[in-house]
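These notes are about the structure you will find just below.
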Amino acid sequence: MEPASAASPMRRNETVAMRLASAFRRHGVEVAFGQSLPSAFHLAAPEAGIRQAVYRAENAGGTMADGYARISNKVGVVTAQNGPAATLLVPPLAEALKVSVPLVALVQEVNRDQTDKNAFQELDHHALFASCAKWIRRIDQAGRIDDYVDMAFSTAVSGRPGPVVLLVPADLLNESVQGAEQRSASLGRFPLDRAVPEACRIEEAARLLAEAEAPLVHAGGGVHLSRATAALAALQQDCHLPVGTTTMGKGTVDETHPLSLGVIGYYMGKGGRTHELRSMVRRADVVLLVGNRTNQNGTDSWQLLPRGARYIHIDVDGQEIGRNYEAMRLVGDAKATLEALREAMLRQDLAKRAAARAAVEREIGTAVENWRALTAGIRSDSRLPIRPERVMAELDARLTPETIVTADASYSSIWICNYLTARAAGARFLTPRGLAGLGWGLPLAIGAQIAAPERRVVCVAGDGGFAHTWAELETLKREGLPICIIVLNNQILGYQKDAEDAKFGAHTKAVYFAPVDHAAIARACGCRGVRIESVEAIGPALDEAFASGEPTLLDIVTDSAARPPITSFEPHHPAPF
């Protein structure tokens, strides 16, 4: 359905709730994640062409909007009541702020004549959201609806995208709007503006990359947000540049391409796909950073990338450039800038790049083949309890380039990034790496599935993280979403335990869980639930889940001693090879 146009007849004497819904629809909103409140908005929204997607808890609802935005490249919308409901939006808005995902949170306020009178669930929402939103405004006048809605969407998608908050008093929603101007602007897709750096800077960057001895591209999640994967793939192929990615950047390039390293960062220990490529990263003399925050995990605590290299940094947010590595500033949209950079490089003499390509491809190919050989045993192992690596091998064999995989924070994100393969530029692996909060894998999957109902969506979560949002199993059933959830059930907070052991030589009692039958919980919510305790059952269970067209949870009992190849753990925890 297309947004309402300026040619649409003007409604007279409609309610603020209706005008608000119409304004949201004008910006391309088709889905609003919400419970009942603001009830007036959700009751009016269907008339404007906006459907309500439900959630059980606001923290999950905000994360659903995040997953929806990442896949659709449209602003995610979430609604909440004032007070305690609003407080639960803080974690997902904080995640979205860190990873540059545009959201609009519509939060109900108490009636205007009850402000500052200790009304029921009254709270200072400006103070609440100050640390986790780009922009916060309260609408107090019916005639300003379109002004503030346009500002909200424009702010969410302009520059570095992020979450914004619109506060609306409950009594205002029922007021009539008369004679407000009609608008046609539609600002709900991102990037809104595709700025390009000065041509002279792009030419200089192209020269540096063409003349480098050992150039390297390090691509982050900003490449996905910009829909720049095709542009990056063309630069990689045509200009002979090796590309590694961050965790959030996984899928920005085809990992079967001979110039693709895989994910580089904090899990390049023994058993990591890129373990033997650390030397390639360390000897890079020109590093192109694209949509990359150079954060702790992506740089292995800022020890991985060479300090002596020359850096070129493409980012829409100029404040990120030079934060951790002094760099040539290419402030602009990733897609437009990569396209311009490729054209500039094709005007350079690329003989040096072409001549070096075969050796670079051999080094990458040898490292990846050695990784496959090293991990072949554990990826095909039939031991019990089941190894997560074996679960990933079964899932990887069934992935297509269109499959969307989401993961919870902690070990789940690492399992999918190290052992699943991005088979095309633009493949999507959604992980909550802004704040890395537990419990976000399932709601990310729900948002992704609503954004792309035709695509297969798989969620991988540990039992610790999954427990934070397992109430949303009922949401899966209510919404009829055929998501396959893989719970790696090892009865332990694995990352927490292993980190405590590495740091303190001991761990707290909180890392252990009592046994939980997650399959039974799924069935109690009306979903398919399958308990898996043998390796032979994994493949058929996945096939049945995908064929069923129903929400399915696979509760796989896994080895509590299994851990991914985190570099900092190497002196403390032996590798299983």
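The values are calculated or read from the model by the stated rules, or taken from the named source; none is laboratory data. The structure displayed is predicted, hence computed values, not measured ones. A quick note on method: Cβ atoms are made from the backbone with ideal geometry, for glycine too, and the neighbour counts reach across all protein chains shown. When the accessible area is computed, the model is the full protein with side chains, heavy atoms only, and any ligands, DNA or RNA have been set aside. Shrake-Rupley method; radii C 1.70, N 1.55, O 1.52, S 1.80 Å.
Residues that are hydrophobic (A, V, I, L, M, F, W, C), surrounded by 19 or more Cβ atoms within 10 Å (Cβ to Cβ) and assigned to a loop (DSSP other than H, G, I, E, B) within the stretch 400-438 comprise A409, L420, A422, A425, A427, L438, listed in sequence order. Output the residues belonging to the stretch 62-99 that are part of a loop (DSSP other than H, G, I, E, B) and closer than 24 Å to P453 by Cα. Scanning the stretch 62-99 gives N73, V75.
Conditions (1) open to solvent by 60 Å² or more (accessible area, probe 1.4 Å); (2) within 23 Å of V223 (Cβ to Cβ); (3) within 29 Å of the chain's Cα centre (by Cα), marked per residue:
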position	(1), (2), (3)
N297	no, yes, yes
I312	no, yes, yes
G322	no, yes, yes
A354	no, no, no
V368	no, yes, yes
R372	yes, no, yes
S380	yes, no, no
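Does the stretch 137-153 contain at least one residue that is under 24 Å from the mean Cα position of the chain (by Cα) and either part of a strand (DSSP E or B) or within 29 Å of G220 (Cβ to Cβ) (or both)? Before you say what the answer is, go through the steps one by one.
Quick first cut of the stretch 137-153, residues under 24 Å from the mean Cα position of the chain (by Cα) only: 152-153.
From what is left, the residues that are either part of a strand (DSSP E or B) or within 29 Å of G220 (Cβ to Cβ) (or both) are 152-153.
Scanning the stretch 137-153, I find at least one residue that is under 24 Å from the mean Cα position of the chain (by Cα) and either part of a strand (DSSP E or B) or within 29 Å of G220 (Cβ to Cβ) (or both), so the answer is yes.
Yes or no: the stretch 191-209 includes at least one residue that is outside any strand (DSSP E or B), at positive phi and out of contact with any Pro (no Cβ under 8 Å at 6 or more places or on another chain). No, that holds for no residue. A count restricted to the stretch 465-492 and to residues that are surrounded by fewer than 24 Cβ atoms within 10 Å (Cβ to Cβ) and within 16 Å of F513 (Cα to Cα) stands at 6. Kindly provide the set of residues from the stretch 45-58 that are crowded, with 20+ Cβ neighbours inside 10 Å and either among the charged types (D, E, K, R) or within 14 Å of A445 (Cα to Cα) (or both), ordered by number. Passing the criteria: A53, Y55, E58.
Might you check whether a residue that is within 19 Å of the chain's Cα centre (by Cα) and farther than 23 Å from P565 by Cα occurs anywhere in the stretch 232-249? So that I can check it myself, show each step before the final result.
Filtering the stretch 232-249 for residues within 19 Å of the chain's Cα centre (by Cα) gives 232, 244-249.
Filter again for farther than 23 Å from P565 by Cα, leaving 232.
Looking through the stretch 232-249, at least one residue is within 19 Å of the chain's Cα centre (by Cα) and farther than 23 Å from P565 by Cα.
Cβ-Cβ contacts under 7 Å between residues 6 or more apart (or on different chains), taken from a first residue in the stretch 333-355 that is without any contact (Cβ under 8 Å) to a residue 60 or more places away in the chain to a second residue that is charged (D, E, K, R) and surrounded by 14 or more Cβ atoms within 10 Å (Cβ to Cβ), are absent. Selection of first residues in the stretch 409-421 that are modelled with pLDDT of 95 or more and of second residues that are open to solvent by 10 Å² or more (accessible area, probe 1.4 Å) and among the polar types (S, T, N, Q), restricted to Cβ pairs under 8 Å at least 6 apart or on distinct chains, gives the following pairs, ordered by first then second residue: S413/T247; I414/T247; C417/T247; T421/T256. Among what's in the stretch 71-81 and is surrounded by 24 or more Cβ atoms within 10 Å (Cβ to Cβ) and of a type outside the set (V, I, T), pick the residue that is nearest to A40 (Cα to Cα). Per the criteria, the residue is A80.
Pairs linking a residue in the stretch 267-280 that is open to solvent by 20 Å² or more (accessible area, probe 1.4 Å) and hydroxyl-bearing (S, T, Y) to a residue that is assigned to a helix (DSSP H, G or I) and at pLDDT 95 or above, with Cβ atoms under 9 Å and 6 or more positions apart or on different chains, are S279/E363. Condition check for A393 on (1) more than 21 Å from H224 (Cβ to Cβ); (2) within 24 Å of the chain's Cα centre (by Cα); (3) loosely packed, with under 14 Cβ neighbours inside 10 Å: one failure, at (3). Residues in the stretch 324-378 that are assigned to a loop (DSSP other than H, G, I, E, B), under 30 Å from G269 (Cα atoms) and out of contact with any strand residue (DSSP E or B) (no Cβ under 9 Å at 6 or more places or on another chain): N324 alone.
On the basis of being open to solvent by less than 40 Å² (accessible area, probe 1.4 Å), touching a residue at least 40 places away in the same chain (Cβ under 8 Å) and either in a loop (DSSP other than H, G, I, E, B) or under 18 Å from T406 (Cα atoms) (or both), does I538 make the cut?
Working: open to solvent by less than 40 Å² (accessible area, probe 1.4 Å): yes; touching a residue at least 40 places away in the same chain (Cβ under 8 Å): yes; either in a loop (DSSP other than H, G, I, E, B) or under 18 Å from T406 (Cα atoms) (or both): no.
Considered against the rule, which asks whether it is open to solvent by less than 40 Å² (accessible area, probe 1.4 Å), touching a residue at least 40 places away in the same chain (Cβ under 8 Å) and either in a loop (DSSP other than H, G, I, E, B) or under 18 Å from T406 (Cα atoms) (or both), I538 comes out as no.
Residues that are more than 17 Å from Q449 (Cα to Cα) and of a type in the set (D, E) were ranked within the stretch 21-60; the one that is farthest from the chain's Cα centre (by Cα) is E47.
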